[in-house]
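The values are calculated or read from the model by the stated rules, or taken from the named source; none is laboratory data. Note that the structure is predicted; figures quoted are calculated from it, not measured. So basically every Cβ, Gly included, is an ideal-geometry build from the backbone, and we count neighbours across all protein chains shown.
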């Protein structure tokens with residue numbers, strides 16, 4: 001107000017002087033404008049303020065209690081808990097704003113650059129790995145001990161039931177984009193409009209927002225017995241329509257709790273800085289003490305003691321009166337043994353509900369993935385979760401959880417996507433930025449472009465192998481041509497329907513022809529999934545083809561019918577084939593409580609080829625010209641607690657938890673049904689599990705057993721122990737056992753593998769940056785064959801290289817290196833089995849494989 005009054009007084013004074021003076025008119029006007037400018041400057045100095053926000057450059061998280069001041073005007077302020085500040089503008093004509101925050105590069109901003117509003121100041125972290133604390137007892141170590149000592153009462157989870165309204169936001173950006181190269185590229189030329197959306201203002205390296213998903217949901221949790229329910233109120237996404245994928249955008253799959261001793265990220269185990277063994281792995285340093293709203297807070301920083309281990313750098317704010325975490329920031333750099341991860345940050349914020357209870361109010365997970373190299377284009381994913389309207393131990397929570405049909409249940413009603421956009425406009429905590437608005441439309445815009453569809457189909461063809469043509473697709477291309485001993489050159493053509501034909505019904509099959517045997521082969525199948533979440537699925541198929549598959553311990557199949565099959569075969573081992581004509585009908589029901597039942601009816605006819613025993617030896621008389629014909633009814637039970645299923649159109653991928661998975665199956669073959677000549681009963685059992693071994697990697701094991709009750713069965717109906725005749729390592733088979741080498745009618749075995757995740761190799765300083773991981777494994781089976789089945793299959797004559805284990809234990813021991821150049825694995829395997837007669841085998845072998853892993 002004083003500036004406004006002064007301005008009015010000066011104007012009146014100038015008018016008075018003009019009335020008194022008739023000479024030097026120009027001079028009078030000059031004085032007038034000088035006084036006018038002076039008045040405005042005085043007015044501006046009385047009210048001008050610079051408002052802004054200080055954030056982490058990578059995570060965009062606000063930095064509380066950062067220092068902001070003018071270098072020459074010599075006055076400043078501290079940011080509040082939201083990272084915001086309001087600073088009186090400098091009176092100097094030339095000045096520099098200095099921004100300081102412990103663990104970050106000091107920022108200097110010229111006065112002229114502070115005029116923009118809002119002023120967002122991005123700070124870059126400079127926490128160095130292995131910073132030494134020279135003091136014998138730094139106060140940071142004392143603070144850490146107090147946090148650990150009070151962890152039981154401060155860690156969230158002191159409730160029987162819990163509710164929160166969740167707001168989830170996921171954004172994916174392309175970073176480090178070379179606009180000039182993009183615009184010059186012939187392939188990317190149709191998408192040059194995309195480069196106009198590249199953000200070059202908020203980051204040193206430009207980025208392009210390409211995807212955004214938002215949801216609001218009601219989240220219910222019970223402690224004992226464990227139950228989780230999430231009901232999506234509103235959902236708005238661009239590009240992703242698959243429900244199995246969308247469920248991973250919600251709250252059910254967020255399991256990180258920074259109070260835990262160990263955190264699992266991308267399948268790798270990290271030691272938390274507030275772990276009770278944290279002082280063995282981290283340096284702690286007390287940075288600052290501040291007072292806010294009458295509460296004292298300690299600022300604690302932590303860095304890894306050794307480079308290359310799965311540890312974090314970062315800092316946290318601790319409430320002094322309770323020793324509880326108020327906010328913690330965890331950062332992972334490229335030095336840590338996770339493939340393709342250039343940078344990863346996790347932020348958790350906590351709030352005190354009462355004197356004894358703390359709850360999580362905010363989660364942020366930011367990761368930068370560099371699949372093409374650290375200096376190439378990268379992907380940045382940012383997921384934010386806000387917890388609002390939290391309630392604990394209320395009756396309405398229990399009532400909601402009682403509606404669950406399984407332990408964890410996600411409900412996405414059709415209305416969630418219909419009202420999603422409008423609902424989020426009204427209930428979004430913060431308005432979308434310009435970048436986010438671009439992201440929410442870009443994917444849908446690209447998908448509508450013919451040029452993008454063509455590019456997408458080309459990439460799909462090269463990677464997935466299929467060519468989509470509206471309602472149908474052909475492929476995969478790598479099965480079009482192959483070669484084997486029986487067929488010579490083999491040609492194959494696959495045809496199937498796509499989701500455009502039907503999302504629930506799939507028709508598919510193939511025709512194959514061999515130039516040597518001049519025989520036509522093929523398969524046709526119909527798969528149907530009941531609409532909704534009923535859990536029913538059906539598969540009917542007919543196949544007439546050579547069996548060119550490797551079967552695993554639990555019936556898994558790996559096909560060698562492709563152009564690469566012959567390239568990886570071990571030399572000196574003849575291929576063994578049977579031709580199988582099979583009709584099969586399977587019905588599967590997946591129940592809510594993580595178990596499923598599967599019933600199968602099948603009729604099979606087998607023809608064998610040399611060097612396997614000829615099917616003629618199983619005929620009842622010289623005049624019998626029939627093949628091996630069998631009909632079987634099979635019922636399977638599977639219990640897989642915590643297992644997730646990601647359904648795509650062609651297959652279902654199972655994501656296992658750390659709990660045991662149990663499979664039990666019973667099969668019966670009645671003689672005379674569907675011209676079957678054999679009668680038997682089969683029982684199979686297996687249990688498998690994967691789990692972390694704290695600080696020592698991960699363990700996978702499987703225990704299995706089975707019994708066939710029958711006296712005279714051809715070998716194709718007995719248990720054929722899975723062998724591997726290729727140089728490609730198969731975890732579900734014995735590497736140095738030949739196919740059809742051992743058969744049994746009663747057996748038991750186990751497999752175990754322990755991957756150290758670099759724990760041992762990290763002891764060697766020069767190996768820490770290689771990312772190579774070491775492992776060991778063991779596979780063993782014991783089995784036997786009844787005398788009647790030995791005689792029936794002419795095992796005792798040994799003409800066919802097929803035999804029984806004779807009650808002995810077959811064992812393979814292996815070790816090797818994984819993650820070589822991020823993709824490759826090398827296994828050294830030793831075979832331990834008593835030599836018998838003139839049978840020869842390899843006692844040692846080297847095998848390779850590759851896979852995409854983090």
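Descriptive notes on the structure:
- The range 269-282: number of residues that are within 25 Å of residue 853 (Cβ to Cβ) and out of contact with any strand residue (DSSP E or B) (no Cβ under 9 Å at 6 or more places or on another chain): 0
- Of the strands (runs of 3 or more DSSP E) lying entirely inside the range 428-532, those carrying at least 2 residues that are surrounded by fewer than 17 Cβ atoms within 10 Å (Cβ to Cβ) are 467-469, 481-484, 488-497, 505-514, 519-529.
- Tallying residues that are more than 20 Å from residue 730 (Cβ to Cβ), modelled with pLDDT of 85 or more and touching a helix residue (DSSP H, G or I) at 6+ places or on another chain (Cβ under 9 Å) within the range 794-826 yields 2.
- Among the criteria (1) modelled with pLDDT under 80; (2) buried (at least 19 other Cβ atoms within 10 Å of the Cβ); (3) touching a helix residue (DSSP H, G or I) at 6+ places or on another chain (Cβ under 6 Å), the one residue 239 does not fulfil is (2).
- Yes/no for residue 561 being surrounded by 15 or more Cβ atoms within 10 Å (Cβ to Cβ) and at pLDDT 85 or above: no
- The criterion of at least 2 residues that are touching a helix residue (DSSP H, G or I) at 6+ places or on another chain (Cβ under 8 Å) and modelled with pLDDT of 85 or more is met by the following strands (runs of 3 or more DSSP E) wholly inside the range 82-161: 96-100.
- In the range 782-796, the residues that are without any contact (Cβ under 8 Å) to a residue 60 or more places away in the chain form Cβ pairs under 8 Å with partners that are assigned to a strand (DSSP E or B) and surrounded by fewer than 15 Cβ atoms within 10 Å (Cβ to Cβ), at six or more places apart or across chains, as follows: 782/809.
- Residues that are in a loop (DSSP other than H, G, I, E, B), out of contact with any helix residue (DSSP H, G or I) (no Cβ under 8 Å at 6 or more places or on another chain) and under 20 Å from residue 532 (Cα atoms), drawn from the range 387-418: 403, 404, 405, 406, 407, 413
Here's the yes/no breakdown for (1) under 25 Å from residue 849 (Cβ atoms); (2) surrounded by 16 or more Cβ atoms within 10 Å (Cβ to Cβ); (3) at pLDDT 90 or above:
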site: 646; (1), (2), (3): yes, no, no
site: 650; (1), (2), (3): yes, no, no
site: 663; (1), (2), (3): yes, yes, yes
site: 689; (1), (2), (3): yes, yes, yes
site: 719; (1), (2), (3): no, yes, yes
site: 725; (1), (2), (3): yes, yes, no
site: 738; (1), (2), (3): yes, yes, no
site: 741; (1), (2), (3): yes, yes, no
site: 745; (1), (2), (3): no, yes, yes
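- Cβ-Cβ distances below 8 Å connect the following pairs, each with a first residue in the range 513-536 that is touching a residue at least 12 places away in the same chain (Cβ under 8 Å), a second residue that is surrounded by fewer than 16 Cβ atoms within 10 Å (Cβ to Cβ) and outside any strand (DSSP E or B), and a separation of six or more residues or different chains: 528/504; 529/504; 530/504; 531/504; 535/591; 535/592; 536/530.
- Test: residue in the range 691-698 that is touching a strand residue (DSSP E or B) at 6+ places or on another chain (Cβ under 6 Å), over 30 Å from residue 774 (Cβ atoms) and at pLDDT below 90: no
- Just one of the numbered conditions (1) touching a residue at least 40 places away in the same chain (Cβ under 8 Å); (2) in contact with a strand residue (DSSP E or B) (Cβ under 9 Å, 6 or more places away or on another chain) is not true of residue 478: (2).
- Test: residue in the range 626-635 that is closer than 30 Å to residue 408 by Cβ and in contact with a strand residue (DSSP E or B) (Cβ under 8 Å, 6 or more places away or on another chain): yes
- Evaluating residue 819 against the criteria (1) part of a loop (DSSP other than H, G, I, E, B); (2) buried (at least 16 other Cβ atoms within 10 Å of the Cβ); (3) at positive phi leaves one unmet condition, (1).
- Residue within the range 630-649 that is under 27 Å from residue 682 (Cα atoms) and in contact with a helix residue (DSSP H, G or I) (Cβ under 7 Å, 6 or more places away or on another chain) present: yes
- Unmet criterion (only one of (1) surrounded by fewer than 23 Cβ atoms within 10 Å (Cβ to Cβ); (2) at pLDDT below 90; (3) not in a strand (DSSP E or B)) for residue 311: (1)
- Here residue 182 fulfils each of the conditions (1) outside the structural domain of residue 258 (by TED's automatic domain parsing); (2) assigned to a helix (DSSP H, G or I); (3) modelled with pLDDT under 75 apart from (1).
- Qualifying residue in the range 342-363 (condition: touching a residue at least 40 places away in the same chain (Cβ under 8 Å), part of a strand (DSSP E or B) and on the phi > 0 side of the Ramachandran plot): no
- The residues on offer are 284, 220, and the sole one that is modelled with pLDDT of 90 or more, touching a helix residue (DSSP H, G or I) at 6+ places or on another chain (Cβ under 6 Å) and within 21 Å of residue 166 (Cβ to Cβ) is 220.
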